[in-house]
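Below is one structure; the comments refer to it alone.
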Amino acid sequence: KAGVTQTPRYLIKTRGQQVTLSCSPISGHRSVSWYQQTPGQGLQFLFEYFSETQRNKGNFPGRFSGRQFSNSRSEMNVSTLELGDSALYLCASSPRTDYTGELFFGEGSRLTVL
Amino acid sequence: AQTVTQSQPEMSVQEAETVTLSCTYDTSESNYYLFWYKQPPSRQMILVIRQEAYKQQNATENRFSVNFQKAAKSFSLKISDSQLGDTAMYFCAYPPPGNTPLVFGKGTRLSVIA
């Protein structure tokens, strides 16, 4: 079974631009979560989707948005990029409807904002 | 806010030795789950071990075991017979009550030295 796939793996943008990151979960997993990882803040939860519905949202500004498609693939978008948005963005999928089980992570998309 | 604290930002251990990573958390719940995740350099995060709070027996997975002290809200990870492949960031995590996503500690960077 293929793992969680995130694209692109690396990207460089300039301030003010926008970016879209993609995540394909493990087949059969309907829950997809997104986390932002930075050296200073660790992993911070962005949002989670289950069956195309956003179930939870972290404490991030409205510039961060996401969606999930009927095939469970998910995208997140960051508009009007700021230098502080430079981070590793991790996607994780789960077959469960709650948070008591294992999360399966992708390798991440490393975003650099210049 | 629910918090997870890892007090050791960095640790090192000699190959074949034993090392313990600390984690404390804050919850008012009586039943919950706790996790340790491992993130090797430039590789995806994977689950190391999972503990159910209502189980008094400490979880064990091969060379990895936990010391779960429920009253002290402590959940440390012990790695026995350390191997070079154990070099990684280790994150402690748990899902706060109310079916909310995992909260992660800021991580401990472990280096295994030959």
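The values are calculated or read from the model by the stated rules, or taken from the named source; none is laboratory data. Worth saying up front: this structure is predicted, and the values here are computed from it rather than measured. So basically every Cβ, Gly included, is an ideal-geometry build from the backbone, and we count neighbours across all protein chains shown. For accessibility, only protein heavy atoms count, side chains too; no ligands or nucleic acids. Shrake-Rupley method; radii C 1.70, N 1.55, O 1.52, S 1.80 Å.
Assorted remarks:
Let's see how each residue does on (1) within 14 Å of another protein chain (Cβ to nearest Cβ); (2) more than 30 Å from A:SER109 (Cβ to Cβ):
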| position | (1), (2) |
| --- | --- |
| B:GLN39 | yes, no |
| B:GLU61 | yes, no |
| B:VAL66 | no, yes |
| B:SER74 | no, yes |
| B:LYS78 | no, yes |
| B:GLY85 | no, no |
| B:ALA88 | yes, no |
| B:PHE91 | yes, no |
| B:TYR94 | yes, no |
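- Residue, farthest from A:SER109 (Cα to Cα), within segment A:80-94, restricted to residues that are surrounded by 15 or more Cβ atoms within 10 Å (Cβ to Cβ) and among the hydroxyl-bearing types (Ser, Thr, Tyr): A:SER94
- Checking B:VAL4 against (1) on the phi > 0 side of the Ramachandran plot; (2) touching a Cys at 6+ places or on another chain (Cβ under 6 Å), the condition it does not meet: (1)
- Restricting B:ASP81, B:ASP86 to residues that are open to solvent by 10 Å² or more (accessible area, probe 1.4 Å), under 15 Å from B:VAL19 (Cα atoms) and at pLDDT 95 or above narrows the list to B:ASP81.
- Sub-8 Å Cβ pairs linking a first residue in segment A:80-98 that is among the charged types (D, E, K, R) to a second residue that is in a strand (DSSP E or B), at least 6 apart or interchain, are A:GLU82/A:VAL113; A:ASP85/A:VAL78; A:ASP85/A:LEU111; A:ASP85/A:VAL113; A:ARG96/A:SER31, ordered by first then second residue.
- Some residue of segment B:13-29 being in a strand (DSSP E or B), open to solvent by 70 Å² or more (accessible area, probe 1.4 Å), more than 12 Å from chain A (Cβ to nearest Cβ) and not basic (Lys, Arg): yes
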